[in-house]
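K.L.:
The structure that follows is given in the form of structure tokens.
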Amino acid sequence: MCMSINPISFRSRLLIIAVALFMSCLFLQVYVLASQSSVNRVYLAEIEMTIDRGAYDFLVNALAKAERDNSPLIVRLNTYGGYMDSMDMIIDLLLNARVPVVAWVGPRGAKATSAGTFIAMAAKYIAMADGSVIGSCQPRSIDPTQPVDPKVLNYAIAKMKALAERRYGFNDSRVEIAIKFVTENLDLTAREAYALGMVDFMADTIDELLVKLNWADAEVIKLSPGIISQFYSFLNDPIVIGLFFELGFWLILIDLFTAGIQVYGFVGAALIVLALFGMGILGVSATVIALMIVGAALIFLELKYPGIQVFGFAGLAMWIVSIILMYREQPYIEMTIPQYAVIASLAVGGGFLIFYLHRLRQAMRLRARMFDPKKLIGMVGTAKTDIKPGKYGVVHVAADTWTALSDYEIKAGEKVKVVEVIGLKVKVVPVKEE
């Protein structure tokens, strides 16, 4: 007689599968914890600044160091936000990081609003200290009476949605909460964000955060923005860009109206180059550049035809509009009282400079009437610098210095004779000693 073997019941099979799944999850958890506990070094990049090109440059270097050592990077955020283009570059940087990136809004009382919230959402983990705040991401309009540009607003909403879906998953209710950061300027405290599952940890100190990440034994290397990053931030400020451009133009103009070889023009050219570099052209729009050039041309017309003065003040107005447009291009930066005060000072200072150059022009015309430069012909003076054929130098004639050129090579200190006057420049020949 054959014995029948009772097959394993369906309930027993489910139990075996459940145990197998539990053991697999347990093994995976142990593996993850073991890999985390093997972290020997952690880099801490502290962002207590406006989100601008300087912040981006700083994080590029910080992430490069972390990736070089294959170590995690913790980005401590305490910022009101900043510029959208710099924010986008930082988001791309963190999303493509080859090491884990943790965004920590700390210590207590810290904030990561506006662009800071977007950056936090791009990290692998988010932690917040008790008393900290996250949110308020709606782009600003520079004119409070006008609504935000719909294109900018829609882009910000889509950007936040994409980051939230990547973090929480598609159709997760937390995605809608993240979108409200933009559409409703929603703010969440650390406790609220943690209760809603928007952040992964609450940690008041870096040591507490390391414990929760299971990196308690890791060496912490603190990184702060260096001089170069701070310099980039300085040049990225629209006020600085406008000021450098205007000062550069004034210095070049003063050089043109001053006899002799001066350094003003070179300094002015350097300031203009720095202004263009700060714009990202050497990326602010061509409209701003065009307005600044038009403004410079108008001021030049004022100096060419003094007395009207409308041209000069119109040129200043062009520069002020250019600065405002540069702020308008950055919906995550707000013009506050200090910015308006600097713009007002720029306008007043520019007005005084226009008046000064106007009087200087009048004085030069009066001097031309009182003393005809043609009378210099035949006068003898002294070369103050070496003069080579085809090159300019400086001579001292009739108790004044003049830009000079010659067909002969003349050494500094030699006697020279004026043979021709070309505008405000003189042509000289060496005087042979008898």
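Laboratory data are not the source of any read-out in this text; all were calculated from the coordinates shown. Just so it is clear, the model here is predicted, and its values are computed rather than measured. Using ideal geometry, Cβ is built from the backbone for each residue, glycine included, and neighbour counts are taken over all protein chains shown.
K.L.:
Rank these for me by crowding, 410, 157, going from fewest to most other beta carbons within 10 Å.
P.N.:
Lowest to highest Cβ neighbour count: 157, 410.
K.L.:
Turning to a different aspect of this structure: For a 28 Å ceiling on Cα separation, which of these pairs sit above it: 180/222; 124/222; 111/159; 65/180? Mind showing how you got there, number by number?
P.N.:
On the way: 180/222 33 Å; 124/222 19 Å; 111/159 20 Å; 65/180 35 Å.
With Cα atoms farther than 28 Å apart: 180/222; 65/180.
K.L.:
Against the globular-protein guess of 2.2 N^0.38 Å, express the Cα radius of gyration of the stretch 38-230 as a ratio, rounded to two decimals.
P.N.:
Normalised Cα radius of gyration, the stretch 38-230: 0.98.
K.L.:
Assuming R0 = 41 Å, can you tell me the calculated FRET efficiency for the pair residue 41 and residue 146, based on Cβ-Cβ distance, to the nearest 0.05?
P.N.:
Calculated transfer efficiency: 0.25.
K.L.:
Please report 121, 202 as a ranked list, fewest other C-beta atoms within 10 angstrom at the top and most at the bottom. List each step's numbers first, then the result.
P.N.:
Numbers: 121 25, 202 19.
Fewest-to-most Cβ neighbours within 10 Å comes out as 202, 121.
K.L.:
For the stretch 169-248, what does the alpha-carbon gyration tensor say about shape, rounded, prolate or oblate, given a ≥ b ≥ c as the root eigenvalues, a/c under 1.5 as rounded, and a/b over b/c as prolate?
P.N.:
Values: a/c = 3.64, a/b = 1.44, b/c = 2.54.
It comes out oblate by the Cα gyration axes.
K.L.:
Within a Cβ distance under 14 Å of residue 230, other residues only, what is the Lys/Arg minus Asp/Glu net charge?
P.N.:
That works out to -4.
K.L.:
Which of rounded, prolate, oblate describes the stretch 42-145, given a ≥ b ≥ c as roots of the alpha-carbon gyration tensor eigenvalues and a/c under 1.5 marking rounded, otherwise prolate only if a/b is larger than b/c?
P.N.:
oblate
K.L.:
Just tell me which lysines come within less than 22 Å, Cα to Cα, of residue 417; anything on the same chain fewer than 8 places away is out.
P.N.:
374, 375, 384, 388, 391, 425, 427, 432
K.L.:
State, to one decimal in nm, how far the label point of residue 183 lies from the label point of residue 48, with both points 7 Å from Cα in the Cβ direction.
P.N.:
3.7
K.L.:
Quick one: order 345, 173, 132, 114 by neighbouring beta-carbon count within 10 Å, fewest to most.
P.N.:
The most exposed by this proxy come first: 173, 345, 132, 114.
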